[in-house]
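Some notes on the structure that comes next.
The values are calculated or read from the model by the stated rules, or taken from the named source; none is laboratory data. Not measured: the values here are computed from a predicted model. For neighbour counting, all protein chains shown are included, and Cβ atoms are generated from backbone atoms with ideal geometry for every residue, glycine included. All accessible areas refer to the heavy atoms of the entire protein, side chains included, with ligands and DNA or RNA removed. Shrake-Rupley method; radii C 1.70, N 1.55, O 1.52, S 1.80 Å.
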Amino acid sequence: MIKEHKESRLKEEVLHVISFMLNERQVTCKIKSSTVLLDLIRDHFSLKGTKPGCYEGECGACTVLINEAPVNSCLYLAVNANGKNITTIEGLVKSDGTLHPVQESLIEHGAIQCGFCTSGMAMSIKALMNQYENAQHVPGDIRIEIPTRNEIKKYLEGNLCRCTGYVKIIDAAEQLFAKEDQ
Amino acid sequence: MKKEYKVIGKPIPKQDANIRVTGKAIYGHDILLPGMLYGAILRTEHPSAIIESIDVSEAIQLPGVHCVITADDVDVNNIGYKRDHPILKKGEANCTRDEIAAVAADTKEIAQQALRLIKVNYRIRKGVYDAFEALDESAPQINKFISGKFENKNIAEKFHYEHGNLEEEKKKSKHIVSRRFTLPRMTHACMATSNITASFNNIDKKLLLYSSTQVPFLYQRDMAHALKMNPSDIRVIQPVIGGGFGSKLDMHPFEPICALLSIKTGRPVQIIYSREEEFIASPIRQPMVIDLTAGVDKDGNFTFREINIIKDNGAYTSWGATTPFVIMQAFSSLYKVKACRFDAKAVYTNNIFAGSFRGYGNPQATFALERVIDLLAGELGMDKADIRLLNANEKGEVTGQGLHYDTCGHKECLETVIEHSGYRTRSLQNNDKRYKRGIGIASMLHVGGGAKIYRSDGCGTTLKIDPYGYCTIITGSNEIGQGSETVLAMMASEELGIELSKIKVINTDTDVKPWDVGVHASRTSFVAGNSLLGAIRILKEKLNKKAAEFLKTSHFDFDYSDNMIIPVNTKEGIALDKVVREMHFSAPNELAIASFFYEPSSKFQDKDFKGNVSGTYAFAAQAIEVEVDTYTGNVKVLDIYVAQDVGKVLNPLLLGGQIEGGILQGVGYALTEELLMKEGRILNPNFHNYKMLTASDIPDIHFYPVETLDKEGPYGAKGVGEAPLIPTAAAIANAICNALDLDVLDLPIIPEKILTALAEKKGTK
Amino acid sequence: MDFEIINPATTLELLGTINELQSKHFRFGAGYSDLLMELKKKPEENLVVINLSQIKDTAFTGLTISPDHVRMGAMVTAHKIVMNEQLNKDYPVLHQAALTLASTQIRQVATVGGNLCTASPSGDIACALVALIAHCEIMDSTGKTKSIPITDFFLGPRKTVIKKNEFLNGVLVSANNKLSKNIYSAFLKIGTRRSMECSVVSLAYHIQTDDDGDIIHAGVAIGASAPTIRFAKDACDYLIGKRFDHIHQKEKEEFATKVLSYADPITDIRATAWYRKEVLYNLSKSIFE
Ligand SMILES: Cc1cc2nc3c(=O)[nH]c(=O)nc-3n(C[C@H](O)[C@H](O)[C@H](O)COP(=O)(O)OP(=O)(O)OC[C@H]3O[C@@H](n4cnc5c(N)ncnc54)[C@H](O)[C@@H]3O)c2cc1C
Ligand code: FES
Ligand code: FES
């Protein structure tokens, strides 16, 4: 059955104006109350590097950094992005095309197969680096030592990968901290 | 003597890793075509029901909806390996995946809303959810499209195989062990959900599909059959694929449905599964019940194996029904065994239908076989490692089924893991009251050079070098994340002396690339590799001739390195790009292009399933140590020692990734993963309750490649992709039995099963 | 999933919003890790969500540790608990519960308030707080607060004592006993994998001993074993006065039996009631091993 004429649906909706830093650029947009950050990033800003794996907070493919911390963008209301500083996988690369050390390390260690989990993994590893660096300055916080291999595994628990068995991803992360130590 | 290579054998990262790690790779989810609509599928509410009526009138009225289709609106053929699967269901629903109607709308939300407006009247009927019940005379016929070729109306496919004199071998047996094993539904759970974008051009009547199939040419043919089109009017382009593992071997109904929506609307249409839909409506590993009886003589030699398998086919038949090809190989030919009788039936039920999954039946077979070997060793009082070494396969062996082991690393793999795991020297300190340790061994045999299950198991390659010295490999094979592209580029680099950054691999477009049967049976590096090497040989003949002419020499022995062609034993050569320009632009003006089609030497098996079905065979062994918490039943896998006969390591980095990834899937199969079903419905269609392992669950994996340099394989290599997960569940089960003195017969071995078994042993349950 | 959202910026604005919406259907949203999943599964018509996550008042967002107690605003995240060194030292059970909750990413957003108000029988932070005999600080729309013991907070699965004009403002945990010399405190969470698990069974305990090793305080709570998280009072009382490292086999069993008497588990796809009880019994014993 084919529809003869079509109109598009126009329901009255309250829109919220939000503005935030996206990959170091100030952006402003209008959104619905229930829009999640993942859809905003992918559909409105066309940043397709952040991946939708489940929309349930279970797989971590959609991980982005909000004020440097890793968050599942599929369960994060875009409204709450207002005023925040958000980094996606696209924001890790310098404008001249230089990759971030996290990305270099993942490549070098052969940590990428199908790659669908990779953006989320890279963001989580970057977040661990942030946490480690910040912990040097925040009094009362626990970690100031280099994360151990087991701590890296624990940190990446929210990022599922079906291809690699995680070993090379963990190797890639470990190496980054080994470098920092020097 | 080992040959030194410049590129082959080096740990080179995947060539497109930089694209993937920066988020620039374009997956099906990322495609956005002008004017594109969003498709969605209404599935049945009941796994078994008569569909009395479907009313789409309200849905079609919804603003933003362009088209709604049901079985009545389309003129199509059935799909599936047995053509027993209607794309849209008419009159009855037979499993929870069944597609009843589909819509195309301006947005995803409108499409979903439209689905909710479709009214279907069902008359619920009692379904058959157990394969044994389905075999009962009183059971209804579940699939109406099957020809009735077999003795029972619900048998979809059946296999019988035998070799040797079973009765005689039974008599010679000192011990005989019989067990029934039950294997669960496991699903691929690729990180990217299934997707397709179809774009029908109603001016020239050509259909363009962005599809993540792993067998584009078979797919093109199947799609054409389904839609009653000419295959060549269908162009299949593969976007970057977010995981395959066998799930994309069959064409599934959503794919022709998407094409139909595009044909009806004249607009591009995209369908992307939600995660829940992925769990409900994508294929699974074949669930089955295996009855295995096996014997051993007084010295520990295996005498016979008798196997009876009932596989739950689900409501429709996919390629998965052919897994007994592989299963029977494990039983007939893994370890020497004098006699074997094998029967397998795939039985229709109202459950979700099974598909193909990495390992293709072999993890199930190996689990049963390797468990029984432990039991036989126990009966004999023989060491579990010794009995395996005694019966291990050997180079030069031709098995009862007719497989030729021209190279064979079986024994070496076993010896390697036995040694490195410290199996013989370790003492498992099991004094602890709560935590008990155990170690288990298992091995496997799998095709290592493709498998001839289609008329051809071949692959075509066209190779070209341009006037700037860049090389383009147009290969029939494709990349689903496993890194085959990189391996091909490495081969070209090795042979032509061109650096990797100047090599491009084109493999995503059926309008461009030559024929290939597709990614399956761990065949890509082997078959596509040989195909490429064939093309290189031809191209080099042309280049050599031109180079000789240019250098005014008469001998044709050249080294290709650093973008130069250099006569052997001299220093002065000529730049490759220069030779190509010479070829192109001076008489007789020839292109630097070569094409080659490689067909492996393997044979189509005869009607008794005998014959050398693969170009070569891969072997592997694993020894796994576990620690079981007897308070909770949780199993911690401590160390996995893996040795695999890979022929030759082409790229240790990519190989390691295949091994580790495969093993973790195997651990999941052993311990945590199961799609739970009740009365035909899936109870856990989400990552929360379908338990894939996380980074914090992984054991230490110790990998020892065994190189046997197969003369058929490129540089001696064999297929590697499927092997790593095949023996894992078996070895883990053996380790758990070793730790707790249990007799594990089912997977997955979840904590509750362990506590139950312990309680039953103690008599407290 | 469709709703309107209102974003109060202060507690005062929040009170006003709650008052205004009394005749409407509304829900609170904190970290949304439960709420969005719930609304996706079961969309609610004409729903207004009051967004708590833009409120800046420290009483609502802060974590303060004073000599008498620890106070956590309702918006304190699991991550914040995990990172706090003092909590890790004084209340390992709370640290561990927060650390086993979901994943690194979810812990960034998941709040104490959300974990309590969702009233899931398998809530991890909630279970630890029950073992710590925390008090819930509830505020009504006039700004009045009351404090109730956490054991009175849960009424059933997904049901709490919070009324339509109320919300959870914060949680208080008393300081450890001044005489306390040693603390035996842990959160035992059982599932099939080591991460991303919703507890199949959980056991939270916080036991303090004096100079002689005699138990002077005991808090034991069980999760995923009954319609709500339960405080195993008899089991706790039983321990008082016993030497922690001298509890013999019979006593362990008696203790475990007492813990088990609070369990009334269900059979679901994750485990049977039998399994849950078996494990709970074993874990209870394991505290002293
Ligand atoms: C993938 C995943 C894994 C999870 N794993 C775990 C786990 O391991 N352990 C565990 O315990 N939980 C788990 N959860 C559940 C959830 O993350 C926690 O319960 C979390 O603490 C909820 O906090 P929130 O801030 O996100 O709550 P929200 O989702 O924002 O709110 C939850 C409920 O509480 C109400 N609410 C929130 N704050 C207040 C307040 N101040 N006053 C009154 N009502 C309020 C809301 O209206 C809502 O009904 C998991 C969730 C996901 C998605
Ligand atoms: S898409 Fe967000 S966690 Fe899976
Ligand atoms: S690389 Fe495929 S899911 Fe991780």
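Comparison of B:Thr472, B:Thr462, B:Thr416, B:Thr407 shows that the only residue that is in the same structural domain as B:Ala339 (by TED's automatic domain parsing) and either open to solvent by less than 10 Å² (accessible area, probe 1.4 Å) or over 22 Å from B:Pro363 (Cβ atoms) (or both) is B:Thr407. Search the range A:110-136 for residues being within 16 Å of ligand 2 (Cβ to nearest atom) and small (Gly, Ala, Ser), and hand back the single one that is nearest to A:Glu157 (Cα to Cα). Residue satisfying both the conditions and the ranking: A:Ser124.
Results for (1) assigned to a helix (DSSP H, G or I); (2) in contact with a Leu (Cβ under 7 Å, 6 or more places away or on another chain); (3) without any contact (Cβ under 8 Å) to a residue 24 or more places away in the chain; (4) not polar (S, T, N, Q), shown as yes or no for each residue.
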site	(1), (2), (3), (4)
B:Leu533	yes, no, no, yes
B:Phe556	no, no, yes, yes
B:Tyr560	no, yes, no, yes
B:Val579	yes, yes, no, yes
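Against the condition within 14 Å of chain A (Cβ to nearest Cβ) and either open to solvent by 30 Å² or more (accessible area, probe 1.4 Å) or not aromatic (Phe, Trp, Tyr) (or both), how does C:Glu166 come out, does it pass? For C:Glu166, the condition - within 14 Å of chain A (Cβ to nearest Cβ) and either open to solvent by 30 Å² or more (accessible area, probe 1.4 Å) or not aromatic (Phe, Trp, Tyr) (or both) - is not met. Considering A:Asn80, A:Asn67, the condition of being at positive phi and at pLDDT 95 or above is satisfied by A:Asn67 alone.
The strands (runs of 3 or more DSSP E) found entirely in the range C:146-237 that carry 3 or more residues being under 15 Å from C:Ala134 (Cβ atoms) and in the same structural domain as C:Leu132 (by TED's automatic domain parsing) are C:166-174.
Residues that are within 12 Å of another protein chain (Cβ to nearest Cβ) and crowded, with 24+ Cβ neighbours inside 10 Å: find the strands (runs of 3 or more DSSP E) completely inside the range B:20-121 holding 2 or more of those.
Working: elements: B:37-43, B:49-55, B:65-70, B:99-105.
Once the strands (runs of 3 or more DSSP E) in the range B:20-121 are filtered for at least 2 residues that are within 12 Å of another protein chain (Cβ to nearest Cβ) and crowded, with 24+ Cβ neighbours inside 10 Å, what remains is B:65-70, B:99-105.
B:Asp710 meets all of the listed conditions (1) modelled with pLDDT of 95 or more; (2) crowded, with 21+ Cβ neighbours inside 10 Å; (3) farther than 21 Å from B:Gly244 by Cβ; (4) of a type outside the set (Ser, Thr, Tyr) but one, namely (1). Taking the numbered list (1) more than 7 Å from ligand 2 (Cβ to nearest atom); (2) under 12 Å from the mean Cα position of the chain (by Cα) in turn, A:Asn82 passes all entries but (2). Could you check the range C:253-289 and list, in sequence order, the residues that are touching an Asp or Glu at 6+ places or on another chain (Cβ under 8 Å) and within 12 Å of chain B (Cβ to nearest Cβ)? Those that are touching an Asp or Glu at 6+ places or on another chain (Cβ under 8 Å) and within 12 Å of chain B (Cβ to nearest Cβ): C:Ala271, C:Thr272, C:Tyr275, C:Lys285. Scan the range A:75-82 and give yes if some residue there is at the interface with chain B (Cβ under 9 Å from one of its Cβ atoms), under 27 Å from B:Phe687 (Cβ atoms), in a loop (DSSP other than H, G, I, E, B) and open to solvent by 10 Å² or more (accessible area, probe 1.4 Å), otherwise no. No - not one qualifying residue is present in the range A:75-82. Scanning the range B:472-524 for residues that are under 21 Å from B:Phe245 (Cβ atoms) and part of a helix (DSSP H, G or I) yields B:Ser484, B:Glu485, B:Thr486, B:Val487, B:Leu488, B:Thr524.
Here is a yes/no grid of residues against (1) modelled with pLDDT under 95; (2) of a type outside the set (Gly, Ala, Ser); (3) over 16 Å from B:Gly359 (Cα atoms):
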site: B:Lys610; (1), (2), (3): yes, yes, yes
site: B:Gln622; (1), (2), (3): no, yes, no
site: B:Asn634; (1), (2), (3): no, yes, yes
site: B:Leu653; (1), (2), (3): no, yes, yes
site: B:Gly661; (1), (2), (3): no, no, no
site: B:Glu674; (1), (2), (3): no, yes, yes
site: B:Glu679; (1), (2), (3): no, yes, yes
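Could you list, in sequence order, all residues of the range A:33-54 that are within 11 Å of chain B (Cβ to nearest Cβ) and either crowded, with 23+ Cβ neighbours inside 10 Å or not hydroxyl-bearing (Ser, Thr, Tyr) (or both)? I'd like the intermediate steps shown before the answer.
The first filter runs over the range A:33-54 and keeps only residues within 11 Å of chain B (Cβ to nearest Cβ), leaving A:34, A:39, A:41-43, A:46-54.
Matches in the range A:33-54: A:Asp39, A:Ile41, A:Arg42, A:Asp43, A:Leu47, A:Lys48, A:Gly49, A:Thr50, A:Lys51, A:Pro52, A:Gly53, A:Cys54.
Identify all residues within the range B:250-268 that are over 16 Å from B:Asn77 (Cβ atoms) and within 14 Å of chain A (Cβ to nearest Cβ); write none if there are none.
Residues satisfying the conditions are B:Leu261, B:Ser262, B:Lys264, B:Thr265, B:Gly266, B:Arg267.
The residues of the range A:85-122 that are farther than 20 Å from B:Cys190 by Cα, within 15 Å of the chain's Cα centre (by Cα) and within 16 Å of ligand 3 (Cβ to nearest atom), listed by number, are A:Ile89, A:Val102, A:Gln103. So is C:Ala9 part of a helix (DSSP H, G or I) and more than 18 Å from the chain's Cα centre (by Cα) or not? In short, no.
Let's see how each residue does on (1) open to solvent by 10 Å² or more (accessible area, probe 1.4 Å); (2) away from ligand 3 (no atom under 16 Å from the Cβ); (3) of a type in the set (Asp, Glu):
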site: C:Thr58; (1), (2), (3): yes, yes, no
site: C:Gly62; (1), (2), (3): yes, yes, no
site: C:Glu85; (1), (2), (3): yes, yes, yes
site: C:Cys127; (1), (2), (3): no, yes, no
site: C:Glu137; (1), (2), (3): yes, yes, yes
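Of all residues in the range A:104-120, those that are within 18 Å of B:Gly244 (Cα to Cα) and more than 7 Å from chain B (Cβ to nearest Cβ) have Cβ atoms under 8 Å from Cβ atoms of residues that are open to solvent by less than 10 Å² (accessible area, probe 1.4 Å) and at pLDDT 95 or above, 6 or more apart or on another chain, in A:Ala111/A:Ser105; A:Ala111/A:Thr118; A:Ala111/A:Met121; A:Ala111/A:Thr164; A:Ala111/A:Ile169; A:Ala111/A:Ala172; A:Ala111/B:Gly657. Scanning the range B:382-397 for residues that are out of contact with any Cys (no Cβ under 7 Å at 6 or more places or on another chain) and either crowded, with 22+ Cβ neighbours inside 10 Å or in contact (Cβ under 8 Å) with a residue 40 or more places away in the chain (or both) returns B:Met382, B:Lys384, B:Ala385, B:Asp386, B:Ile387, B:Arg388, B:Leu390, B:Asn391, B:Ala392.
Residue pairs whose Cβ atoms lie under 8 Å apart, separated by 6 or more positions or on different chains, with the first residue in the range A:55-72 and more than 14 Å from chain B (Cβ to nearest Cβ) and the second more than 9 Å from ligand 2 (Cβ to nearest atom) and in a strand (DSSP E or B), are A:Ile66/A:Asn85; A:Ile66/A:Ile86; A:Asn67/A:Asn85; A:Glu68/A:Asn85; A:Glu68/A:Thr87; A:Val71/A:Val64; A:Val71/A:Leu65.
Go through the range B:4-19 and count every residue that is in contact with a helix residue (DSSP H, G or I) (Cβ under 9 Å, 6 or more places away or on another chain) and open to solvent by 40 Å² or more (accessible area, probe 1.4 Å). First the steps, then the outcome.
So in the range B:4-19, the residues in contact with a helix residue (DSSP H, G or I) (Cβ under 9 Å, 6 or more places away or on another chain) come out as B:5-18.
Next, only the ones that are open to solvent by 40 Å² or more (accessible area, probe 1.4 Å) stay: B:5-6, B:10-11, B:15, B:18.
Adding up the residues that qualify gives 6.
Yes or no: A:Cys59 surrounded by 24 or more Cβ atoms within 10 Å (Cβ to Cβ), within 16 Å of ligand 1 (Cβ to nearest atom), among the hydrophobic types (A, V, I, L, M, F, W, C) and part of a loop (DSSP other than H, G, I, E, B)?
Working: surrounded by 24 or more Cβ atoms within 10 Å (Cβ to Cβ): yes; within 16 Å of ligand 1 (Cβ to nearest atom): yes; among the hydrophobic types (A, V, I, L, M, F, W, C): yes; part of a loop (DSSP other than H, G, I, E, B): yes.
For A:Cys59, the condition - surrounded by 24 or more Cβ atoms within 10 Å (Cβ to Cβ), within 16 Å of ligand 1 (Cβ to nearest atom), among the hydrophobic types (A, V, I, L, M, F, W, C) and part of a loop (DSSP other than H, G, I, E, B) - is met.
What residue, among those in the range C:107-117 that are out of contact with any Gly (no Cβ under 6 Å at 6 or more places or on another chain) and within 14 Å of chain A (Cβ to nearest Cβ), is most open to solvent (accessible area, probe 1.4 Å)? Full working, then the answer.
Here is the first cut: in the range C:107-117, the ones out of contact with any Gly (no Cβ under 6 Å at 6 or more places or on another chain) are C:107-108, C:112-113, C:116-117.
Within this subset, residues satisfying the condition of being within 14 Å of chain A (Cβ to nearest Cβ) are C:107-108.
Working: C:Arg107: 16, C:Gln108: 32 Å².
Filtering the range C:107-117 for residues that are out of contact with any Gly (no Cβ under 6 Å at 6 or more places or on another chain) and within 14 Å of chain A (Cβ to nearest Cβ), the one most open to solvent (accessible area, probe 1.4 Å) comes out as C:Gln108.
The residues of the range C:222-253 that are within 20 Å of C:His206 (Cβ to Cβ) and open to solvent by 70 Å² or more (accessible area, probe 1.4 Å), listed by number, are C:Arg230, C:Lys233, C:Asp234, C:Asp237, C:Ile240, C:Arg243, C:Asp245, C:His246.
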